[in-house]
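The values are calculated or read from the model by the stated rules, or taken from the named source; none is laboratory data. Given the structure is predicted, the values throughout are model-derived calculations rather than measurements. Because the Cβ atoms are built from the backbone with ideal geometry, glycine has one as well, and the counts that use them run over all protein chains shown. When the accessible area is computed, the model is the full protein with side chains, heavy atoms only, and any ligands, DNA or RNA have been set aside. Shrake-Rupley method; radii C 1.70, N 1.55, O 1.52, S 1.80 Å.
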Amino acid sequence: MPNHNVFNDNEQPLFVEMTNTFRSPDITAPPELDASESAVLYSANASASATVVLSLISAIISVRINNPAGSGRTVYISRITGSIGGSSLLSAMSGAFTIVRGGTLTSPAALPPVNNNLASAAASSMTVQSSTAAISGGTVLNSYQMAPGSFSQAFTGSIIVPPGSSLSASVTSSSSAVGLVITSALSLTWWES
């Protein structure tokens, strides 16, 4: 049928109209906005550095978020961001980013979650830890090779961590350029409901 629009106007038999009567005009926003307004959007950040002395060396930063059994909350991963970089000779550097279901950290340190709603004193129910060692065990969900610079991987809640589960992520930068200071950084953002 030529000269007919895919989207019908109100004279056509299939009339499409916004049905959102709560807000007018209709506003679409990612779920993180509502989570932040509700003071349940959190983030945790960590980094590690190393100096290449004689041979190939790596700077590893790992972060683990644990949702305790009986917490009554579910974690929805919003975004994981990070970077690898160095003081010079960035072409002599490579890296990797890995997400692991479960996993264990060696010599973990507590990493306090920060509420992204700066007007709220609400605290996260999750236990977050960081380590400068690789993740051991667990099941790899995603693994990426990295070039020097930053990355941002949006999940918008598509990775779900129910009570009694954990999720780990790590960034590794490697170089053999003697004298180069290399850095790995990692930031995890999530909401709880």
Sequence-distant residues sharing a close amide H with ASN116 (under 5 Å, placed H)
LEU41, TYR42, SER43
Could you go through region 175-180 in sequence order and give the Karplus-derived ³J(HN,Hα) for each residue, using 6.51 cos²θ - 1.76 cosθ + 1.60 with θ = phi - 60°, rounded to whole Hz, and x for Gly and Pro?
7, 10, 6, 4, x, 6
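Solvent-accessible area per residue for region 61-193 at a 1.4 Å probe radius, Å²? Can you show the working numbers first?
On the way: 5890 Å² over 133 residues.
Result: 44 Å² of accessible area for each residue.
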Virtual paramagnetic centre 7 Å along Cα→Cβ of ALA29, amide N under 20 Å, in region 146-185:
154-158
Just the C-alpha atoms of region 36-193: what Rg/Rh do they give, with Rh taken as the Kirkwood radius?
1.00
